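Below: the structure, in structure tokens.
Please treat every number below as a calculation from the coordinates, not as lab data. Just so it is clear, the model here is predicted, and its values are computed rather than measured. Cβ sites come from the backbone with ideal geometry, for glycine too, and all protein chains shown count toward neighbours.
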């Protein structure tokens, strides 16, 4: 996968796929493809575009923006370049009574796509790979291409791709997708001189949508994206020409995730079959040792004894029943080490704090990153942030921002496990009430985010996830409590001092007049003692 | 001779007031000067420290004392208000001006002293009374006046601009308001041999019209409901300085009965003060037994009236047989009558028949 590393987010998709299916022709390679062998991948998604989120005109335009922005962020981040992403939606004309045609343009400063890969990267729908695992942004891994496909379906116009890897030439393609054959159709191709050695990718295509209904979600999405990407510049120009700018405040970026092999607890039959298809190893011992995370020779041997499988058995000779049994045995064996979290890329406490401070401008912010944990063999990390006061509004309920692999989750909030964990917490213990201006940020990163439904908008109620969230929330709640009680104390002290410095001089003045004295007694000592008394208390 | 005695007491009292205020000021000043948080001790006015003194025949405060300290943040504001009130009283007394409780509330604002409401400023004045053991009238703060006096009594004013001027209290047919000028005046001469205090203004006017003051040789006082402190003190002076017996006529209900009792034995609210009561004064009517004996037109006692009777029954001031008998009778007949009820026998019946009978009965 070294090669993938040099490519943009777009290209990585394609490249991974080629490794998986190289030994075999697409036919029969995967269960899904077998079921739909009569139609192309593009055709399959054309017919099932709801799965990818293109359910209605307003949702479609939101998803298109989101997918392209995520790809652009990935393209820059994979090489630790602070991303600059520019998004423009412009009005092209009426489509129907409720929908309009818009042109969507997304520019980034990512690594760029080598010209030979451009057509397939943007004009061919491909299945993603699960052969290697790492935390990825894209919810489906093909959302960008789906957006282009959706645009083509609704407007019959080609997409324009301009990209350069920072060399002296820039390449421009005009493409359409041949849906039945799942092939890019190149309508135009230009090579331009790139004097400034510009690097990046521009994608532009027309699509049908309902921007004005999607607008709040798009703006929420950008704001929340800026919150967890404080090192990115996001610019958005909407169809009315309004400019929204989210400026980076740091160039620090999180450590990118490493790719890992699947963990034995997390495999399913499909994955086993695919591994068996491609494995170059001819005995079970080597097969286990080389294809699974945290499985070495000794562990593999122990497992084979445990499951009563001959170490010399050729994995390719396993029957379907034996594969099913193998999967069950893998889950049952207790001695596999838990997965490590190097494949995860959490934001980290510093960046989280920076992002929250930048977008919410609170009076107080506390963050906490949990140690890596696992559910069903999948590693995950929970990060929690809490913001109080400042520009955080009080709405009579906590404001909750949810993120999965740094993607804002904007729909189905009520069903999300984080909401349940938050409402189950005894906030009074932490001196917090829903009337307070409090925003809570919950970020889960995992190689396999436990989404509840295909819509991938909310996190399922897994006990392991729930526990981590609850512990993380308790930690930030404690920090908030400390802040609140400190502030309350400081306020009280200030008020106390205020009362003394208001009344003592008056007592001095009145008693001087009453006692018929000339000189007003010096009360500075008394005030100082009040002050000193106050600071002692504050240190308690 | 009596006249002289009082003049001394008036001017001495003034001196005492000014000295008390200055002492208070010096005490606070000295503490501040030594960089000590000033504090003031005073008798506690909480209900468990109020007790009835059989000898004085009034409520007094017990031995428990409270300390107001400027170190305690919750005392700080009332403490400052108290010192301000002392200063304000000092200015009033030395400039020989008078003021009302309402005035105090507003005057404070000129010193950037704020009182939350009238009640708060009233409480502070009561504190000052407690600290000094003097009543607010002594430091020239008077309540709104509404009671009046009429009769053959000549007084001599002591207020600025009127010093030495005398007034015959029969000179105005509506009576003379018992205000600051009257309460600070000296008694010069009288031919009266008794005082009749009347609860209601209407009856007071009837008595004047019917020449009760002449027929019965009486000074008439209208208390206008519950007698203000200045009026209570004035009645006491009439009784003490002029040796006039005092007869009180109120409505025939628990409330009227209590108006008489407060004139006689004082109130718990004024337990920190002396010389507001007239222990030898008599309640002459309207009694519950009068309602029966005179067959007066009545109204039924309502729940509030009955509740009040039960309270009075437990009150230490009501232990004399007469009072106990009347409370019991009220409870038995469950009726009440106003003074005006005598009008059923003609407008002058009360003056010609009832009054002489009762004066005789309670002599």
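Summary of values
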{"quantity": "Taking B:84, B:323 and counting other C-beta atoms within 10 Å, the order from fewest to most", "calculated": "B:323, B:84"}
{"quantity": "Within 10 Å of each Cβ in B:19-26, the average number of Cβ atoms from other chains", "calculated": "3"}
{"quantity": "Contour minus Cα-Cα distance for residue B:54 and residue B:322 (0.36 nm per residue)", "calculated": "94.8 nm"}
{"quantity": "Cα-projected label distance for residue B:73 with residue A:363, points at 7 Å along beta-carbon direction, nm", "calculated": "1.7"}
{"quantity": "Order of A:336, A:287, B:249 under a 10 Å beta carbon neighbour criterion, fewest first", "calculated": "A:336, A:287, B:249"}
{"quantity": "Debye intensity ratio I(q)/I(0), log10, region A:349-483, q values 0.12 Å⁻¹ (C-alpha model)", "calculated": "-0.42"}
{"quantity": "Relative contact order (%) - chain B, alpha-carbon pairs under 8 angstrom, separation at least six", "calculated": "14"}
{"quantity": "Estimated inter-spin distance, residue A:522 and residue A:337, nm [label 7 Å along Cα→Cβ]", "calculated": "7.2"}
{"quantity": "Ranked by how many other beta carbons lie within 10 Å on average, peptides A:476-485, A:196-205 from highest", "calculated": "A:196-205, A:476-485"}
{"quantity": "The protein assembly as shown: C-alpha pair distances exceeding 53 Å, %", "calculated": "50"}
{"quantity": "Rounded FRET efficiency, nearest 0.05, which uses the C-beta distance separating residue A:376 from residue A:310 and R0 of 30 Å", "calculated": "0.60"}
{"quantity": "Net lengthening on full extension, residue B:109/residue B:165 (0.36 nm per residue, minus Cα-Cα)", "calculated": "16.6 nm"}
{"quantity": "Inter-probe distance in nm under a simple model that places probes 7 Å from Cα toward Cβ, at residue A:395 and residue A:92", "calculated": "3.4"}
{"quantity": "Region A:220-318, relative contact order in percent, only Cα pairs under 8 angstrom and at least six apart counted", "calculated": "20"}
{"quantity": "Part-to-part distance (alpha-carbon centres) for region A:397-438 and region A:227-303, which is given in Å", "calculated": "27"}
{"quantity": "Chain B: antiparallel DSSP beta bridges as a percent of all, rounded to 5", "calculated": "65"}
{"quantity": "Mean separation of Cα contacts under 8 Å (6+ apart) over length of region A:485-539, as relative contact order %", "calculated": "44"}
{"quantity": "Listed peptides A:216-222, B:277-283, A:188-194 by packing density, highest first (mean Cβ within 10 Å)", "calculated": "B:277-283, A:216-222, A:188-194"}
{"quantity": "For region B:148-361: rounded, prolate or oblate by the Cα gyration tensor [a/c cutoff 1.5]", "calculated": "oblate"}
{"quantity": "Segment residue A:502-residue A:529, length gained on full extension (0.36 nm per residue, minus Cα span)", "calculated": "8.2 nm"}
{"quantity": "Nearest 10 degrees, 0 to 90: helix A:143-155 Cα axis against chain A principal axis", "calculated": "80"}
{"quantity": "Using alpha-carbon coordinates, inclination of helix A:57-77 to the longest axis of chain A, degrees", "calculated": "90"}
{"quantity": "Hull volume in cubic angstrom per residue (convex hull over the Cα atoms of region A:264-332)", "calculated": "74"}
{"quantity": "Degrees separating the helix B:2-33 axis from the principal Cα axis of chain B, which is the longest one", "calculated": "30"}
{"quantity": "Residues in region B:195-212 that a label on residue B:352 would reach, taking backbone N under 20 Å of a point 7 Å out along Cα→Cβ", "calculated": "B:203-212"}
{"quantity": "Pairwise centroid distance, computed over Cα atoms, of region A:462-509 with region B:303-363, Å", "calculated": "63"}
{"quantity": "Cα-based Rg / Dmax (Å) for region A:409-534", "calculated": "26.4, 87"}
{"quantity": "Average beta carbon contacts from partner chains per residue of B:108-117, 10 Å cutoff", "calculated": "1"}
{"quantity": "Antiparallel DSSP beta bridges within chain A, as percent of all bridges there, nearest 5", "calculated": "85"}
{"quantity": "Shape category assigned to region B:4-143 from the gyration tensor of Cα positions, a/c cut at 1.5", "calculated": "rounded"}
{"quantity": "Residues A:461, A:238 arranged by fewest to most Cβ contacts within 10 Å", "calculated": "A:461, A:238"}
